[in-house]
Structure formats: C-alpha cells, structure tokens
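Accompanying notes for the structure given below.
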C-alpha cells in the first residue's frame, strides 16, 4: 500500500509542477459557476479555457493536458458536444474529470452520463448522492436506483457512498472523489480521507465545480488519484484558513481564492489525511 | 388592513423558517448574474439550482418550493422552456417569481412575457419601467404602450409605476415589487414602501435579479406578498449596512453577501417600512 | 503628431463625459466573464446590457452608444447573431469593439472573425497572439498563418504584434489595443505604450474581456483611439493601485473594481504612457 510519505511527496511534486508549467485544462462546464471554476484554476497556477461547441471542445481536449466536464446547466448543444469530447479524450488517453451534477433530474443528463461509462473518466468528482446515483446509472455496486440528489445538493453522507466510489474507480481504472464534511478519495484499492474545509463551502455556489476544475489542472501533472487528492487537500486547507478571517460567504469566497493562490506545496501535502486499505 | 406588527411577525417567521429548512428554489435565469443570484439565495439560507432545458425546468419546478424566472439573456431554447415551466407552475399552484428584464427589446421576449399573463406569476419584480411596460403588454391599467426600458435600466420613477403595480397584482392575485430608491410592494389592496438600500446597488450588476431569486426562496415559506416584502427588506438592510464599510462596488458586492447572511430575523423585520391603503 | 498634452485632455474629457452621462454599451460576450465585464462597465460609469439573439443584439446595437463583441464561448446562435449585429453596427456607423478571443480554435470562430473584416470594428482588443492571428486571417501584414493562441493565452510578446496591430488599424480606420506587460495602442499612424498593470491580471479570468467592455463604454464618448487609450490607462492605474493592497487574486479582483470606480479623470490621464510615430 502507498504510504503517507509517498503521497506527501507526490502532492508536493504535483503542486510544484503546476506552479512552474502553468498547464492548460479546458472545460465544458455550467454557466452558474464557470467564472469561479476558471479563477480557481488560475489561482493554483493553471490556465483555463471554456467552450461549448463540439469542434471547439475537441480542439481544447487536444491542446490541454486534461479536461473538465461538468453537466450542470445543459443546453441542446451539449447533446453533440459531451459524448464527442468524452470519446476524443478516451481515444487520446488524455485525463478528464467528470462532475455528474444533479444526475437524475432529466433524460438528456442521464443519457449523457450513461454514455460516459464507456469513455471512463479519469476522475469522477461529486457529492455522495451524485456518486451513488451515477453508480446506479452505470449498474455498479453501491449504486442507488433513484437519485437522492435534491437540486444540486446531496442528501446522503460521504460514508454511504463508499461502495459506489470504489466500484466506480474500479470500473474506470481512475479515481473518485466524494465531497462532504470529510472528503473521500479512492483509486479502487485504497481510500484516503481528507480533512479540513469550512461550513461556508455550502454557502457559496460552485465549491464542488471549482474543485473539479482544479483536479483537472493537477491531472495534467499527476495520476488521477494524486490529482484528486491534491485538489481536495488544497481546497480543505484554503477553506480552513479562509474561514477564520471572514464575516460571511461573500468575503469567504474572496479569501478562499487568495488562500488557494498562497498555499505552498508543503502546506498542501501536510493537510491532514488518513489512508485505509479496502 | 394588515398592521405593521402583523407584517413584522410574518417576516420573522419567514426568515426563521428559511434558515431552518434550507428550502430549494430553482431558477431559469440570465447568464450575466446567475452566480450572484445563486450566492444570494444561499446567503439567506436557501438552496439554488439553475437549468435551461424544458424537461429539467419542469423537474426543478416540481422539486422546489418555488421557482424564479428571469428573461434576461434569452437563447432559442427559452422559447420551449419558459412557457412550459410557467404552465407547470401554474397548474401545480406553486409560487413563482417573474423578472421581466428588459421587456420590449425583442419579439421573443415580448411573446414570452405575453404568455405569462395567463400563468399568473405569484410575484412580479422589476424596475419601474419594466413594471409599466409589462402592464402595458398585458393591457392593464397604468401600463405604457412603448417600453421606456433602456437596456436593463429604468427611466421611470417608482411612484409612476404605482397604478401598474396594483393592476398587475390584482390580475395575478399575487404581489408586485417595484425596485427603486424607495421600493414599493403591493398585493393589490395595500402598498408597502420599504426604505434603505445603497447607491452602490446601481453600480453592481444583478441586484434586482438577486432580489428576485431571494424572493423565490422566501416564497417557499410565505405568501407572495410577505415573501416580496421580506426579500426587499433584507436587501435594503444589507445594502445599508454594507455601504458604510466599503470603498467601491467591488467590496460592496462582497460585503452585501456577508450582510445578507448575517441579518437576523428581527433586524430584517425592523427595517423601516410604511403601509398605505389603496 | 498628437501631443501627450492633447491625449491627456481628451482622456479627461472622455472619462468626465462617461461619468456624467452613464452611457449604455451593449455586449454580445462570453459566459465565463460576462459578470465581470458588466461590473467593470458599471464601475467606470457606464450602463451594461448583454444579449444573445440576433434581433435583441440589433435592438441593443441601435439603442447603445457602442457595442462590445467577444467571441469567447460560442453557441450555435452566434452564427446568426454575430454577422448580423456587426453588419448593423457597420451600416449605422456605430462604434464597436471586437475581442477575437482564442482565434484559431474552431471553424465557426474563424468564419465569424473572417466576416468581421468587412464590417471594420472600431477597436480590436486582444493579446499579442490573437492580434497576429487575426491579421493573418485577414491576410494583412504582420499576421501569422497559424494561431499561437494557447486556449485563451498569448504565447507571443506585445512587441511582436506591432506590425499586425498597425495593419489592422489601417484596414479598419479605427484603433487596435494589444494587451500585455506593456500595452500597445495604435490608430495606424501613432503608437502609444501604456504602463502599469499588475501580475495579478493574469491570475484572474476576464481582465482582457472587461477591458474590451470598458473601451466600448468610452467609445460612446470618444474616438476609437482615445477610447482604447482611456480604457487601457484606467485598467493599468487600477491594477497598480489594487496590487499593493491585496493578498491574492480573489481580493485583487474586488479591489480592482473599487479602484476602477474611484479613479479620477486626472489620475487616469496621468497614468504613464509614451508616444511613438510610425
């Protein structure tokens, strides 16, 4: 099993590489949080670009080191763009991060998410209800038949999504990150619990989306598992640091971006986590 | 006539219920201010979710306690989504808030707004020019034939929209909120004037949209009239408090979200207002 | 050749006129930075309105004093909207600002940008790679055959785009602004270099887009060349002032908007610049 020390070293290397190389990770993402996703990606040292058309998504997928796909606010054009870009990424063996926002609230969304099964996203990031519903949609262990997603919120605990997260990671051969009070990241053979964060993360829109975008940035420089861990760690660290210095969710979001930017590789690696063998 | 004390008690109850139950209010809204709308809804204790497709809008309309509809930046898909979701909401007798942004600048916009007449939005929120133009479009008293809307700005005073607001509220059986220096809220039988706010509200985009979204959150827990009053009161309070502590519109928007979050039920209820019988 | 003193006087007049008249400049712009564009336009004293449909873009083009066109995140509807609004603006002899974001990453984008050649945008604003790629697309001097744009970032220096900028300005009869460490603005006969700014401008998304929107606001009250100069000067001034007072990119963006709002006509005119005859 990978040791804590090995994980720490890989996190440090990942953060340093990103800060040095300013890697581009393109996104097809929702319109609610698109600005926050881009700003979070820039804050950790990446470069962001967002598109909607199939051909442009393909161009970004080829030009970028990794791609972020978030199904938050679908438009008709997504019916062409999403399966196309997922296939391109899969065929190029390029890492991509899937955010199955609000899985279950419509047939296009479910159809898109169903098709992603064959294109094996390198990282799947979601809240517990989304992870369980996606596993259900893909007919994997731990999945739920009906989605418990309420709008974009989870109604399940991170722990209840453990089996689904492991099953998804085993299917894709990549990693799964479940966001919640304590975050769970797995590559299908070990589970890491990442601590920290802030209650304000629930009071700003897009904390999960921004994490997905940042994981895509790190996935340009690390394995899906280490990318998911690094992204989760810097978010937990920055949120903890920001919370103590702010008055409410407005100033929290501002300070959170500042702390993302300021976090050193060592501090990110030292953010508290535990490992569990499956 | 309802007394000031009764209004205060209902505002307190509404704010407390929302803070306790975290109700979901979905939105079909414009892309300029969609992030601010969601963050304002979260700040007062609600849950936000935004969609564009007809089927997903229907799902949100059914799942949420109320819905916010803003016609700010129309895309072709809105031609299907908007009348569909309005009819669903009307048939389910679920509260919904209409923001007739920039009424008059295009035929799709006017066609959509015209069709909403039969689906009787529970709350209509707009600036004076928008309220008068909508009343004109619906051929109600106080309406203007041509829209005086300039882009998204009003060129009329709140007072000049009084007859139109009352006529709209009588038609829908709901409430109308006219935003301006002093805000006017009516249910067609009484008018409440709500005081406070800040000149900075004109210097940030989306103050009106965010108010519409917050009124939808309160409409999950109160009558349209009390929801419109509560939303207007917390906005006036938060804006007044924020203005004194900031340097310009950037820090104003941040502080405004903080103050929305911190405002207590009692302070919101105590924000100055006057009642006038019609 | 125009003198520094004449330029300073025209900048002061432009800033004062905008602050006094609150002119409307509509936008067709991307969804990543649409909120920041609007807030920057409001901060300098303008009025903002954003649309996507052809008919509504025409209405805004006619109602506004100038229009901002940014091809950042294209949707299918842009295929109708963009050439239509460009032709309307050209025929009305109304100023418009073109932001050729990410030129080269798709065929619709290139087709749109190619068609704009005949509609002669009053101001073209972009980074060095975009300016050179656009000149190439239009088969003008200094242009590059292939685009060096990486996502939305430049890989070329401002100086290397000088010939392309001059050629574009001579073709349109307007002005070109190249954003970079030192900004270059030309009307085809003189070049102005504008100094200041902040390294944080690269760490927030949309600094370029917001500048384009603000130039459109100033273009309602000045020649394309003076509008481009004024917008660039206020951005460099506000960025310099903001940088010293912030902890990271989150607080930088907030403070930058505050400084845009507070900048006096005289201070903007006094922001350091040099003139060079071609």
- prompt: Just to be sure, is residue B:176 closer than 28 Å to residue B:116 by Cα and surrounded by fewer than 24 Cβ atoms within 10 Å (Cβ to Cβ)?
  reply: no
- prompt: Which one of C:259, C:243, C:277, C:266 is within 14 Å of another protein chain (Cβ to nearest Cβ) and either surrounded by fewer than 22 Cβ atoms within 10 Å (Cβ to Cβ) or in contact (Cβ under 8 Å) with a residue 40 or more places away in the chain (or both)?
  reply: C:243
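Being at pLDDT 95 or above, assigned to a helix (DSSP H, G or I) and either over 16 Å from the mean Cα position of the chain (by Cα) or more than 25 Å from residue B:241 (Cα to Cα) (or both): is that true of residue B:210 here? Step through it out loud before you land on a result.
Values: at pLDDT 95 or above: yes; assigned to a helix (DSSP H, G or I): yes; either over 16 Å from the mean Cα position of the chain (by Cα) or more than 25 Å from residue B:241 (Cα to Cα) (or both): no.
Taking the combined requirement at face value, the residue does not satisfy it.
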field: region A:253-268, residues that are under 20 Å from the mean Cα position of the chain (by Cα) and closer than 17 Å to residue A:20 by Cα
entry: A:260, A:261, A:263, A:265, A:268
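Just one of B:123, B:101 is under 27 Å from residue A:206 (Cβ atoms), modelled with pLDDT under 95 and within 15 Å of the chain's Cα centre (by Cα); which is it? Steps first, answer last, please.
Values: B:123 fails: modelled with pLDDT under 95.
From the options B:123, B:101, the qualifying one is B:101.
Residue-wise test of (1) in contact with a helix residue (DSSP H, G or I) (Cβ under 8 Å, 6 or more places away or on another chain); (2) at pLDDT below 95.
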residue	(1), (2)
A:227	yes, no
A:234	yes, no
A:240	no, no
A:244	no, yes
A:249	yes, no
A:253	yes, no
A:257	yes, no
A:266	yes, no
A:273	yes, no
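Rundown of residues vs (1) without any contact (Cβ under 8 Å) to a residue 12 or more places away in the chain; (2) in contact with a strand residue (DSSP E or B) (Cβ under 6 Å, 6 or more places away or on another chain); (3) under 19 Å from residue B:2 (Cβ atoms), yes/no style:
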position	(1), (2), (3)
B:146	no, no, no
B:151	no, yes, no
B:161	no, yes, no
B:181	no, no, no
B:191	no, yes, yes
B:204	no, no, no
B:207	no, no, no
B:218	no, no, yes
B:228	no, yes, yes
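Return the only residue of C:30, C:35, C:39 being within 10 Å of chain B (Cβ to nearest Cβ), in a helix (DSSP H, G or I) and touching a residue at least 12 places away in the same chain (Cβ under 8 Å). Outline the logic, then answer.
Working: C:30 fails: in a helix (DSSP H, G or I); C:35 fails: touching a residue at least 12 places away in the same chain (Cβ under 8 Å).
From the options C:30, C:35, C:39, the qualifying one is C:39.
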- request: Just one of (1) assigned to a helix (DSSP H, G or I); (2) more than 14 Å from chain A (Cβ to nearest Cβ) trips up residue C:197, so point out which.
  value: (1)
query: From the residues in region C:13-27 that are away from chain B (no Cβ under 11 Å) and crowded, with 18+ Cβ neighbours inside 10 Å, which one is farthest from residue C:95 (Cα to Cα)?
result: C:15
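The values are calculated or read from the model by the stated rules, or taken from the named source; none is laboratory data. Please read these numbers as outputs of a predicted model, since none were measured by experiment. Glycine also receives a Cβ, built like all others from the backbone with ideal geometry; neighbour counts cover every protein chain displayed.
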